[in-house]
Amino acid sequence: MAKQLLAFAALPILAGCTTVATQAPPPAGHAATDIPAHVVPVERAQPAWAAPDPEMDRTIDELMARMTIEDKVGQLTLLTSDWESTGPTMRDTYRQDIRAGRVGAIFNAYTAGYTRELQRLAVEETRLGIPLLFGYDVIHGHRTIFPISLGEAASWDLAAIEKAARVSAQEASAEGLHWTFSPMVDIARDARWGRVSEGAGEDVYLGAQIARARVRGYQGHDLGATDTILATAKHFAAYGAAQAGRDYHTVDISERTLRDVYLPPFKAAVDEGVASFMTAFNEYDGIPASGSRYLLTDVLRGQWGFDGFVVTDYTSINEMVPHGYSADLAQAGEQALDAGVDMDMQGAVFMDHLAQSVSDGTIEMAAVDRAVRRILEMKYRLGLFADPYRYADEAREQETLYRPDFLEAARDVARRSMVLLKNEDDTLPLAANTGLVALIGPLGDSKPDMIGSWAAAGDREARPVTLLEGMRANAPEGVRIEQVAGASYRFEDEGSTEGFAEALALARRSDVIVAAMGERWDMTGEAASRTSLDLPGNQQALLEQLVATGKPVILVMLSGRPNSITWADENVAAILHAWYPGTMGGHAVADVLFGAYNPSGRLPITFPRTVGQVPIHYDMKNTGRPIELGEPGAKYVSRYLDTPNDPLYRFGYGLSYSSFGYSPVTLSAPSMGAGGSITASATITNTGDVAGEEVVQLYVRDLVGSVTRPVQELKGFEKIALQPGESRTVRFTLKPEDLAFTRADMSHGWEPGEFRLWIAPSSGAEAATPVTFTLTE
Ligand code: BGC
């Protein structure tokens, strides 16, 4: 079946929409769902793993015929082991539950030995011997930790991102895991929300490309291979739009914004063949995501033809009660199953209530069977019915974890992720004759902070290479590094000057100061929202005193969100944003500081000047009174009285130790129509003295639409490496469907009209001279 984008389908997508003419049956191999007649499926290629398998169907039919309702509900239940927990622990009886066949999947349990032990309980001590599925949050590495997901996204390097996921899968599967709760593909445009660190940033196009790269990396070409794992696209949907950036908060966005901004990365994951989806904690349009039939059935299965299974987020069925959507847990379970949930994570709602709901007749057995079949199919496809222990291989585990090439890959991805935000007078790279470097700040020698949140089974205590260790190991001969913390990032230490005197004494003796500042590793991630984006604790106060010494100050930021570092931007000599760079982070930072690697990262998210600008993103609308219409300082235009509209650093921005020149853009034709395409090209030249990489970005503006359109949208990018003086012509081909959006009538497609296009090193049309083209009928 040919892969086809939404664009041409002009889909009727809303409940109540009347166009039903093109209704087609669900794709082959797809368990029947009660997809309403008005939902029109999109044609797409079936992933290889979803190919029809009569032998599998026979095996599962036979098995299901022997299953009681209790056995079935067991397959729909996912519980955490007591090794660790990622939320409120509700049950500590998981071993008894496994023996009783009350649980079909376990998370937070890994190592070949431990998964084998638990698998044995399921296979040898239950009546039906159905193997367990083992899941885990393998988010940016399993043992070898890569940069946090937002950092990886800053590399704009899809091969590197795929590689990180591939290594994660190799390590995780060697420890008995079958399934990761990654990638998180939530678009995030509010830096207050702690989970900005877990996604790919603010952009729809970049987010979709990265979603695909990660799914490819985890799942490889063969889901049944023992070194690949199932990926999960999460959190479906619109979790990143939490009001006021407060985690778990209400989401209230338009249907159009949902479709045009928040859903495309999920759709991209489906197109890449992702095996599972996770629901979100938030409500969308008044309905908790775990109870949203619209999201989980109409869109996901009906329109997108998703073949895998849906797991809830942690106790999110239970949470439908405090949301005020369900009167009690029994009703919540019924609503969730009916909406399209297949597996209940940790809440035990299905476990405790579903059998009763079936016997009361409030839920049909067919609905339970449908979910059970999806889970059993996935276990079958993983080969677990043939050999339940095939992933639990101690010998492979021994030779796989922390392999030297994995560590090398982690170092490489980390340096590719770093973004040079400022570099006045070529302060960086540090000269080989720099005498004494004063490394100051709470993040200079802090192992736990190197690997950020959701570091899975990553060791936080011994393995991570700190900045101090990395800089000492990689400094040119003769360069000395001395380190003191000097300041604290703890909120409660704001106002304290403890440690300042020692830091300033070192600073005064030094030739250059590297200030390692930012946030503690758990200030981003889940349940880590902030109302301020400033440097926490007393770091800002120390930074100001360091600058006052007159020595050059290089700020190395370790953080999982955009911070408002406006003062630093105006006052320090150089700024490198290093995110939480992972196990090999210290080496990677040293590679950049000493010039062994020329920084090539670009921001995947806008950095505001102040929290008051949030939410701020590069693809905003123009408004009827854009600021450019008025004289500087004009009153009745869309602006603030006290802060410019512009962010501190734009989406797509990042410096290099080289410089790059862009030729004017040429277009292959002045217009294109249905079935056609247009190619835009520009020649990029490395005008600097050193080899470097440039992220060449294509932006488009649709000037007039049946609904207003953003002032710019990323539609392509390519990361290229150029020697000094070398030029390369980069070409981007656009088709009409690449310009599709949700039109006034809620159909999805493009509209004829005039477009502006430019190729530039970052967002912001002023960075380049746009050309125009016309899209004809
Ligand atoms: C998070 C998910 C995570 C799950 C399991 C939840 O609290 O929202 O992203 O996968 O826990 O640990």
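The values are calculated or read from the model by the stated rules, or taken from the named source; none is laboratory data. In this text, all values refer to a predicted model and were calculated from it rather than measured experimentally. Don't worry about glycine lacking a Cβ; one is built from the backbone with ideal geometry, like all the others, and counts go over all protein chains shown. All accessible areas refer to the heavy atoms of the entire protein, side chains included, with ligands and DNA or RNA removed. Shrake-Rupley method; radii C 1.70, N 1.55, O 1.52, S 1.80 Å.
Each of 420, 483, 48 was placed along the dipole of the chain (beta-carbon charges, centred on the mean Cα), and the one lying farthest toward the positive end is 420.
Expected output is a single nm value to one decimal: the length gained when fully extending between residue 777 and residue 426, i.e. 0.36 nm times separation in residues minus the C-alpha distance. What is it?
Working: separation 351, 0.36 × 351 = 126.36 nm, distance 5.08 nm.
Between residue 777 and residue 426, full extension yields an extra 121.3 nm.
Beta bridges from DSSP with both residues in segment 410-613: antiparallel share about 15 percent, rounded to the nearest 5. A full extension of the chain between residue 570 and residue 629 corresponds to an added length of 18.5 nm, given 0.36 nm per residue minus the alpha carbon distance. On a 0 to 90° scale, report how tilted helix 404-417 is relative to the longest principal axis of the chain, with both axes built from alpha carbons and the result rounded to the nearest 10. Tilt relative to the chain: about 60 degrees.
Only protein atoms count toward the accessible area here, which uses a 1.4 Å probe; on the chain, the carbon and sulfur part of that area reaches 50 percent. Once C-alpha pairs closer than 8 Å and six or more residues apart are averaged by separation and normalised to the residue number of segment 184-252, the relative contact order reads 40 percent. Taking the chain as the reference, fit the longest principal axis to its C-alpha atoms, fit the long axis of helix 365-381 to the helix C-alpha atoms, and give the angle between the two in degrees, 0 to 90, nearest 10. The angle comes out at about 60 degrees. Here the Karplus curve 6.51 cos²θ - 1.76 cosθ + 1.60, taken at θ = phi - 60°, turns the phi angles of segment 701-714 into couplings of 10, 8, 5, 9, x, 5, 10, 5, 10, x, 5, 6, 9, 5 Hz, with x standing for Gly and Pro. Say the dipole of segment 513-639 comes from +1 at the beta carbon of Lys and Arg and -1 at that of Asp and Glu; which of 563, 588, 518 then lies farthest toward its positive end? Of the candidates, 563 comes out farthest on the positive side. Computed with a 1.4 Å probe over protein heavy atoms only, the accessible area of residue 249 comes to about 40 Å². For residue 449, the accessible area of its heavy atoms, probed at 1.4 Å with every protein chain present, is near 0 square angstrom.
Which of the peptides 630-643, 265-278, 190-203 is most tightly packed, and how do the rest follow, judged by the mean count of other Cβ atoms within 10 Å per residue?
Values: 630-643: 10.6, 265-278: 24.6, 190-203: 27.1.
Ranking the peptides 630-643, 265-278, 190-203 by packing returns 190-203, 265-278, 630-643.
The dipole here belongs to segment 429-563: it is taken about the Cα centre, uses +1 on the Cβ of Lys and Arg and -1 on the Cβ of Asp and Glu, and is about 320 debye.
Placing unit charges on the Cβ atoms of the charged side chains and taking the dipole of the chain about its Cα centre, the candidate lying farthest along the positive direction among 540, 617, 184 is 617. Listed values for segment 500-513 are Karplus-derived 3J(HN,Hα) couplings in whole Hz (6.51 cos²θ - 1.76 cosθ + 1.60, θ = phi - 60°), namely 4, 4, 5, 5, 5, 4, 5, 4, 5, 7, 8, 9, 8, 10, and x replaces Gly and Pro.
Report the calculated FRET efficiency for residue 480 and residue 159 (r = Cβ-Cβ distance, R0 = 51 Å), to the nearest 0.05. Show your work: numbers first, answer last.
On the way: r = 37 Å, r/R0 = 0.73.
According to the calculation, E is roughly 0.85.
May I ask you to compute the full-extension gain from residue 51 to residue 756, defined as 0.36 nm times their residue separation minus their alpha-carbon distance, rounded to one decimal in nm? Write down the numbers at each step before the final one.
Values: separation 705, 0.36 × 705 = 253.80 nm, distance 4.27 nm.
Gain on extension, residue 51 to residue 756, equals 249.5 nm.
Measuring nothing but how far apart in sequence close Cα pairs (under 8 Å, 6+ apart) lie, relative to its length, the chain scores a relative contact order of 14 percent.
If I take R0 = 30 Å and measure r between the Cβ atoms of residue 645 and residue 704 in this structure, what FRET efficiency does the formula 1/(1 + (r/R0)^6) give, to the nearest 0.05? Before the final figure, lay out the partial values.
Values: r = 23 Å, r/R0 = 0.75.
Between residue 645 and residue 704 the formula returns 0.85.
Partners of residue 715 within straight-line reach, counting lysines whose Cα lies under 27 Å from its Cα and excluding those fewer than 8 residues away in the same chain: 3, 163, 234, 267, 422, 621, 735. A simple spin-label model places the labels of residue 666 and residue 636 4.8 nm from each other, with each point 7 Å out along Cα-to-Cβ.
When nucleic acids and ligands are ignored and a 1.4 Å probe is applied, residue 732 ends up with an accessible area of around 20 Å². Evaluating 6.51 cos²θ - 1.76 cosθ + 1.60 at θ = phi - 60° for every residue in segment 533-545, the Karplus couplings come out as 10, 6, 4, x, x, 10, 5, 4, 4, 5, 4, 4, 6 Hz, glycine and proline recorded as x. Extending 7 Å from Cα along the Cβ direction at residue 96 and again at residue 433 yields two label points whose distance is 7.5 nm.
Think of each Lys and Arg Cβ as +1 and each Asp and Glu Cβ as -1; about the Cα centre, that makes the dipole of the chain roughly 980 debye. Using only Cα atoms, find the angle between the long axis of helix 204-219 and the longest principal axis of the chain, and express it within 0 to 90 degrees, rounded to the nearest 10. Taking the Cα atoms of the chain, the angle to 204-219 is about 60 degrees.
Enter the accessible area per residue of the chain (Å², integer; probe 1.4 Å; all protein chains in place). Show your work: numbers first, answer last.
On the way: 27030 Å² over 777 residues.
I get 35 Å² per residue for this part.
The mean sequence separation of alpha-carbon pairs under 8 Å and at least six residues apart, normalised by the residue count of segment 410-613, gives a relative contact order of 36 percent.
Dividing the summed helix terms, -39500 (n - 2.57) for each DSSP H run of n ≥ 4, by the number of residues in the chain produces a 222 nm estimate of -7500 deg cm²/dmol to the nearest 500. The label point for residue 250 and the one for residue 459, both projected 7 Å from the Cα toward the Cβ, are 4.8 nm apart.
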